[in-house]
Amino acid sequence: MRYWWVNQNQTYRHEVPGGYLWSPKRKSNGHRNPFYEFMREVSPGDMVFSFADTWIRAFGVARSNAYEAPRPEEFGEAGRNWSRIGWRVDIEFHEVNCGFRPVDWIERLRPLLPKHYAPLREDGRGLQSIYLTEIPEVLALTLADLLGGAALKFARAEVEDKLIVTPSAELVLWEEHLTRTIQDDESIPPTEKEALILARRGQGTFRRRVARLENRCRVTGVDRPEHLRASHCKPWRDCDNEERLDGENGLMLTPSIDHLFDRGFISFEENGRLLVSPVAHRPSLQRMGVEVERELNVGRFTATQGRFLEFHRDAVFLRSDVANAAS
């Protein structure tokens, strides 16, 4: 279990009752933000402390890893923003009757703050430039002790129910919106519409084009077509119509490897080196046919494949680029 602190001054009233965290992927200037990058490293079962309006009044249990999702409708700006894509993590939040103000307990908390990316100033005031940051176990246990009750039990790992909720609803809504956009576009010929919609499930024209380039699963070596799926490197939902049908934007993978790749638990460098997410359950990957005890190279990719894989590493793969994480 890892422990996280989230600053929710602006979003508490949406995220806590809604059961999620949501952040952009980048700053408005396009630069990386370590406190958005941390979203990619939350795992099911992790504990989250909610800080809003100088109080900690809620804690949560992560029910999913991070996944792509449009900006939530309830955030305003004329409804769901389909063009503004960020990271979402499903959280089961619990509000407490008697929260506490960290500033009132700063003498106890100050020695426990992490050296890097601490969520509080030395005087106990919050840092609003921080959205999500990891905190040490000793600090988390102290916060849970101050909250008491269920928070303390969970922090001590006395709660066994850590079931994962599959993060599908938001992705389905997003992809159905994109499908309707294609269906309603009168400039697209009917046969192309069909090909684009079939490509969402790795079928039709897209699958045939991928199969011309990739005749086996690069990870497991399976080469029987009936056991392979055509998987987009740059996800269908993120593509323009040309990219959705581009054979170099795909790999033929067995169903288990397709799942790992689609959800960002694995990725590839252009030179063929397999990358494994730090949030992936390594024994499960081993049982699914992924070598995790040694470095695996699956063979070099073309330059165009490399471009699509770069997008996958940047926008899907569950590994942040944050250095000097909280300790």
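The values are calculated or read from the model by the stated rules, or taken from the named source; none is laboratory data. Computed from a prediction, not measured in an experiment: that's the story for all the values here. Here Cβ is always computed from backbone atoms with ideal geometry, including for glycine, and neighbour counts include all displayed protein chains.
For the reader, a short list of remarks on this structure follows.
- Whichever residue in segment 1-20 is under 18 Å from LEU120 (Cα atoms) and touching a helix residue (DSSP H, G or I) at 6+ places or on another chain (Cβ under 9 Å) and, among such residues, is surrounded by the fewest Cβ atoms within 10 Å (Cβ to Cβ): GLN10
- Of the strands (runs of 3 or more DSSP E) that lie entirely inside segment 233-327, those containing 1 or more residues that are without any contact (Cβ under 8 Å) to a residue 24 or more places away in the chain span 274-276.
- Selection count, segment 185-196, where residues are over 30 Å from the mean Cα position of the chain (by Cα) and without any contact (Cβ under 8 Å) to a residue 12 or more places away in the chain: 6
- Of the residues contained in segment 91-105, one or more are found to be touching a residue at least 40 places away in the same chain (Cβ under 8 Å), of a type outside the set (Gly, Ala, Ser) and under 26 Å from ARG32 (Cα atoms).
- Check on PHE38, at pLDDT 95 or above and under 13 Å from the mean Cα position of the chain (by Cα): yes
- Taken together, the criteria place ASN249 among residues that are at pLDDT 95 or above and buried (at least 19 other Cβ atoms within 10 Å of the Cβ).
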